[in-house]
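So the structure is just underneath, and the comments pick up after that.
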């Protein structure tokens, strides 16, 4: 039996993982920022997703992901990985001292699923426990998709993966729920930048990197890039924001690590 459309998306995503770059994947700076924020005694840790770069943050870590393909392809750590839903996690209350997630909210609709996510996170966190979440957030005032493509063609962007993410964010800013069908990112790119050779010449980007946008073609996935101000509206009073950490790479201002603490 062929995989369903959502499963097909994640099977393809897992296969493409090593071709992706920052900011889609956490870079060394992100990993160290996570490690620093965890502190020396992170206790029992739950990784939301199977991001391989984060698997070694601590010896006592369990992962949960709703894609068997992602688990089978990316999770090679000796620790446990569970097939499950972040919005209905199969754990008892107060099971973990630290929750870690990279880009989780981009996969959930805003505001309803964001609110469900934070409620579940608080439920499984012990009092005083931490939620460390790298969030992909759109510009507070939105952005124009044509301008993003024009800046790329003018050589004003360094990284194709940052451009691809920024283009998706620009398209999402036009929607009331800050969502974008990822296939629209590929369609917009092909319409506004039809000459890939010219783009490569203007930027120095390789044809292989540029071709990663074709992964989005015909995908049924929908991503959410709510601004940080909107993300904060979904955080319940039971979770207290203690810090936001920003990196120094291109588009890092749209990919901060949000640190929340479960109130006692």
Say each of residue 20 and residue 220 gets a label point 7 Å from the Cα, pointing the same way as Cα to Cβ; how far apart are those two points in nm? 2.0 nm
In degrees from 0 to 90, rounded to the nearest 10, what is the angle of the helix 182-192 Cα long axis to the longest principal axis of the chain? 20 degrees
Can you tell me what the convex hull of the Cα atoms of the stretch 145-221 projects to on average, as an area in nm²? 4.6 nm²
Which of rounded, prolate or oblate describes the chain when judged by the alpha-carbon gyration tensor and an a/c cut-off of 1.5? prolate
Under the rule rounded for a/c under 1.5, else prolate if a/b exceeds b/c, else oblate, using alpha carbon gyration tensor axes a ≥ b ≥ c, the stretch 130-264 is classed as prolate
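At 0.36 nm per residue, minus the direct Cα-Cα distance, what do residue 253 and residue 200 gain on full extension? Give it in nm, one decimal, please. Before the final figure, lay out each step's value.
On the way: separation 53, 0.36 × 53 = 19.08 nm, distance 2.51 nm.
The residue 253-residue 200 span can extend by a further 16.6 nm.
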Quick check on the stretch 92-208: take the gyration tensor over C-alpha atoms, sort the square-rooted eigenvalues as a ≥ b ≥ c, and tell me if it's rounded (a/c under 1.5), prolate or oblate. prolate
Take residue 240 and residue 94, extend 7 Å from each Cα along the Cα→Cβ direction, and tell me the distance between the two endpoints in nm. 1.7 nm
For the chain, what does -39500 (n - 2.57) per DSSP helix run (n ≥ 4), summed and divided by total residues, give at 222 nm, in deg cm²/dmol to the nearest 500? -10000 deg cm²/dmol
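Read-outs throughout are calculated quantities, based only on the coordinates presented, and are distinct from any laboratory measurement. The shown structure was predicted, so the numbers you read here are calculated from the model rather than taken from an experiment. Every residue, glycine among them, receives a Cβ derived from its backbone with ideal geometry; neighbour counts consider all protein chains shown.
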